[in-house]
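Asks: The structure's right below; bear with me while I get my questions together.
The values are calculated or read from the model by the stated rules, or taken from the named source; none is laboratory data. Given the structure is predicted, the values throughout are model-derived calculations rather than measurements. A quick note on method: Cβ atoms are made from the backbone with ideal geometry, for glycine too, and the neighbour counts reach across all protein chains shown.
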Amino acid sequence: MSRVILAIVASSALFGSASAVTCAPADNVNCPTWIKAGFCDSYSPVTLAANCPKSCPKAGCGATAVPSTNTTTGGAATENKNCQKWNEDPKNVFCAKATDVQKKTFCNKTCAAEITPVDDCGIYVNTGGKVVRTGFKKSNPAAAVETKATATNTLMNLFAKDKCKIDLYPTAAPTVGTGIIKSYTGAAPSTFFFPITVTAEQAAASIVCTCT
């Protein structure tokens with residue numbers, strides 16, 4: 001199913017900028033599965049026409065209505081059975097990397113904390129091959145919180161709400177404001193999630209979460 005999502009992303013990127021709908025000659029073989037997850041209600045007519053022209057009426061290609069298990073626009077009535085697996089996979093971390101529409105369409109329960117955040121900051125740590133998310137509230141005065149990340153159990157991703165900042169530190173009990181490895185700041189409307197790829201950042205022992 002992860003390949004299915006990648007296919008949707010690729011199609012959206014390829015056709016999303018077109019000014020007119022171009023109807024594909026046939027449906028993608030995965031359309032029945034996508035439609036059950038709410039595909040026809042969650043993407044633009046251009047993307048629908050490029051992927052499921054025969055099954056999604058909103059594509060504008062003359063399709064007739066097809067039953068869907070999607071009961072709310074942008075949300076799946078029954079999320080994909082692989083959502084937890086995708087989200088815990090260090091190579092995927094679905095809820096931190098997928099678009100908002102994809103999270104709502106395929107994994108609206110598993111990704112609830114990302115779709116409607118209640119935390120100010122969050123970290124995703126690869127713990128023995130399984131990604132674990134931990135959320136934090138802002139601290140005032142600023143105080144460090146351990147990440148439990150190491151050279152082997154690495155920090156994979158960060159989340160920061162709009163106008164909230166995460167400072168990464170190399171030690172578990174740092175002097176706040178001194179020796180910061182790097183800072184990440186959330187910014188509306190779409191910059192909230194940050195992949196961590198630098199070795200020193202992946203092993204950050206603590207964070208400080210502050211908001212303005």
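Asks: Is there any pair with a first residue in the range 88-102 that is modelled with pLDDT of 90 or more and a second that is of a type in the set (Phe, Trp, Tyr) whose Cβ atoms are under 6 Å apart and which are 6 or more apart or on different chains, and what are they?
Replies: Here the result reads Asn92/Trp86; Val93/Tyr124; Phe94/Trp86; Ala96/Tyr124; Ala96/Phe193, each pair linking the range 88-102 to a residue that is of a type in the set (Phe, Trp, Tyr).
Asks: Criterion first (in a helix (DSSP H, G or I), surrounded by fewer than 16 Cβ atoms within 10 Å (Cβ to Cβ) and aliphatic (A, V, I, L, M)) does Ala113 satisfy it? Give the derivation first.
Replies: Working: in a helix (DSSP H, G or I): yes; surrounded by fewer than 16 Cβ atoms within 10 Å (Cβ to Cβ): yes; aliphatic (A, V, I, L, M): yes.
Considered against the rule, which asks whether it is in a helix (DSSP H, G or I), surrounded by fewer than 16 Cβ atoms within 10 Å (Cβ to Cβ) and aliphatic (A, V, I, L, M), Ala113 comes out as yes.
Asks: Ok, one more. Tell me, please, whether a residue that is of a type in the set (Val, Ile, Thr) and more than 24 Å from Ala200 (Cα to Cα) can be found in the range 117-124.
Replies: Of the residues in the range 117-124, the ones of a type in the set (Val, Ile, Thr) are 118, 123.
Now drop any that are not more than 24 Å from Ala200 (Cα to Cα), which leaves 118.
There is at least one residue in the range 117-124 that is of a type in the set (Val, Ile, Thr) and more than 24 Å from Ala200 (Cα to Cα).
Asks: Which residues, counting only those in the range 124-133, are crowded, with 17+ Cβ neighbours inside 10 Å and touching an Asp or Glu at 6+ places or on another chain (Cβ under 9 Å)?
Replies: Within the range 124-133, Val131, Arg133 qualify.
Asks: Related question: Just the residues that are within 10 Å of the chain's Cα centre (by Cα) and under 14 Å from Asn92 (Cβ atoms), please, taken from the range 108-120. Quick ask: steps written out before the conclusion?
Replies: First, pick out the residues of the range 108-120 that are within 10 Å of the chain's Cα centre (by Cα): 111, 114-115.
Scanning the range 108-120 gives Cys111, Glu114.
Asks: Any chance you could count how many residues in the range 116-140 are touching a strand residue (DSSP E or B) at 6+ places or on another chain (Cβ under 9 Å) and either among the hydrophobic types (A, V, I, L, M, F, W, C) or not in a strand (DSSP E or B) (or both)?
Replies: Keep residues of the range 116-140 that are touching a strand residue (DSSP E or B) at 6+ places or on another chain (Cβ under 9 Å), which gives 117-126, 131-140.
Going one step further and asking which of them are either among the hydrophobic types (A, V, I, L, M, F, W, C) or not in a strand (DSSP E or B) (or both), we end up with 117-121, 123, 125, 131-132, 136-140.
Result for the range 116-140: 14.
Asks: Which residue, of Lys81, Lys58, is charged (D, E, K, R), modelled with pLDDT of 50 or more and assigned to a loop (DSSP other than H, G, I, E, B)? Write out each step before concluding.
Replies: Numbers: Lys58 fails: assigned to a loop (DSSP other than H, G, I, E, B).
After applying the criteria, what remains is Lys81.
Asks: Just to be sure, is Phe136 under 20 Å from the mean Cα position of the chain (by Cα), within 23 Å of Pro117 (Cβ to Cβ) and touching a residue at least 60 places away in the same chain (Cβ under 8 Å)?
Replies: Details: under 20 Å from the mean Cα position of the chain (by Cα): yes; within 23 Å of Pro117 (Cβ to Cβ): yes; touching a residue at least 60 places away in the same chain (Cβ under 8 Å): yes.
Here the answer is yes, as Phe136 does meet what is asked.
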